[in-house]
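Following: one structure in structure tokens, then a few remarks.
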Amino acid sequence: MLNVAVLVSGGGTNLQAIIDAIADHTIQDARICLVLSNNRGVYALERARKAKLPSRVVSPADFPDREKFNEALLAAVKESGADLVVLAGFLCVIPEKMVRAYENRILNIHPSLIPAFCGKGYYGLKVHEAALARGVRISGATVHFVDSGTDTGPIILQKAVEVLPEDTPKSLQLRIMEQAEWKILPQAIDLIAQGRVAVEGRSVRILQQAGA
Ligand code: GAR
């Protein structure tokens, strides 16, 4: 059984997709051992409560400096017994120490087709604003492992989504969530739980069977 810590900052629709996929067995052999938020009062925490999942707030506001916050974040994840850490709309920079402690065991969902519209400053609606400003016809989402850069780690899954002429950042965000994010994030977790994801340098190979 793969223990998954899900880190959130906001509404938690990706968290909900994971909860639902575990409930309907789209994700097998995995359970959520912790929902951690850096923000109090966000709806993601309510989703955790409704699903009777253990949750915690680790907020930078509660610590004298970033270093102490980073230590508390890592300690909370370690205490949860997580084998895999999933950043599901978690908008804090992951400390270097945590990246090293969980090498190729931290997943991130990003709402574009990396390497487009990613890196520093590209998060949430800003990504979709940039895609619309550039006039792309296709966008989508990417699930990747987290390395020490921003959105630079090995890519596991991507899914393309059409951009429509009448799109606003919000309508594009919602379509990308529905058609891509809520599908490929649970799918990537299941592949990892099944031992079917092999990292080879900067790329990922999806195995037909575990270890094959
Ligand atoms: C999602 O669209 C996710 O891809 C994005 O934040 C949103 C969180 O929504 N993440 C990033 O932009 C990371 N760079 P949610 O709280 O409803 O899952």
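General remarks:
- Enumeration of residues in the stretch 93-126 that are assigned to a helix (DSSP H, G or I), touching a residue at least 40 places away in the same chain (Cβ under 8 Å) and surrounded by 13 or more Cβ atoms within 10 Å (Cβ to Cβ): VAL99, LEU125
- The criterion of being of a type outside the set (Lys, Arg), on the phi > 0 side of the Ramachandran plot and either out of contact with any Leu (no Cβ under 7 Å at 6 or more places or on another chain) or surrounded by fewer than 18 Cβ atoms within 10 Å (Cβ to Cβ) (or both) holds for GLY135.
- Residues (under 12 Å from the mean Cα position of the chain (by Cα) and not aliphatic (A, V, I, L, M)) located in the stretch 142-166: THR142, HIS144, PHE145, ASP151
- Residue count for the stretch 105-136, restricted to those that are more than 23 Å from VAL199 (Cβ to Cβ) and either touching a strand residue (DSSP E or B) at 6+ places or on another chain (Cβ under 7 Å) or hydrophobic (A, V, I, L, M, F, W, C) (or both): 8.
- Listed by first and then second residue, the pairs linking a residue in the stretch 182-194 that is of a type in the set (Phe, Trp, Tyr) to a residue that is in a helix (DSSP H, G or I) and crowded, with 21+ Cβ neighbours inside 10 Å, with Cβ atoms under 6 Å apart and 6 or more places separating them unless they lie on different chains, are TRP182/ALA17.
- Whichever residue in the stretch 108-141 is within 7 Å of the ligand (Cβ to nearest atom) and not hydroxyl-bearing (Ser, Thr, Tyr) and, among such residues, is farthest from the chain's Cα centre (by Cα): VAL127
- VAL77 being modelled with pLDDT of 95 or more, away from the ligand (no atom under 16 Å from the Cβ), part of a helix (DSSP H, G or I) and closer than 20 Å to LEU2 by Cβ: yes
- For the criterion of being aliphatic (A, V, I, L, M), assigned to a loop (DSSP other than H, G, I, E, B), within 12 Å of the ligand (Cβ to nearest atom) and surrounded by 14 or more Cβ atoms within 10 Å (Cβ to Cβ), ILE176 fails.
- Per the listing GLU166, GLU181, the residue uniquely at pLDDT 95 or above and surrounded by fewer than 17 Cβ atoms within 10 Å (Cβ to Cβ) is GLU166.
- Residue check for ALA48: crowded, with 17+ Cβ neighbours inside 10 Å, touching a residue at least 24 places away in the same chain (Cβ under 8 Å) and not in a strand (DSSP E or B): yes
- Being under 12 Å from the mean Cα position of the chain (by Cα) and either surrounded by fewer than 19 Cβ atoms within 10 Å (Cβ to Cβ) or small (Gly, Ala, Ser) (or both) is a property that does not hold for SER55.
- Only a single criterion out of (1) surrounded by 20 or more Cβ atoms within 10 Å (Cβ to Cβ); (2) within 12 Å of the ligand (Cβ to nearest atom) is not satisfied by ILE192, namely (2).
- Pairs are defined by a Cβ separation below 7 Å, a sequence spacing of at least 6 or placement on different chains, a first member in the stretch 10-27 that is more than 19 Å from ASN39 (Cβ to Cβ) and more than 13 Å from the ligand (Cβ to nearest atom), and a second member that is modelled with pLDDT of 95 or more and among the small types (Gly, Ala, Ser); the pairs so defined are ILE22/ALA30; ILE27/ALA21; ILE27/ALA193.
- Of all the residues in the stretch 163-173, those that are more than 14 Å from the ligand (Cβ to nearest atom) and within 18 Å of CYS118 (Cα to Cα) number 1.
The values are calculated or read from the model by the stated rules, or taken from the named source; none is laboratory data. Every value quoted in this text rests on a predicted model; they were computed, and no experiment measured them. As a convention, Cβ positions derive from the backbone with ideal geometry for all residues, glycine included, and neighbour counts pool all protein chains shown.
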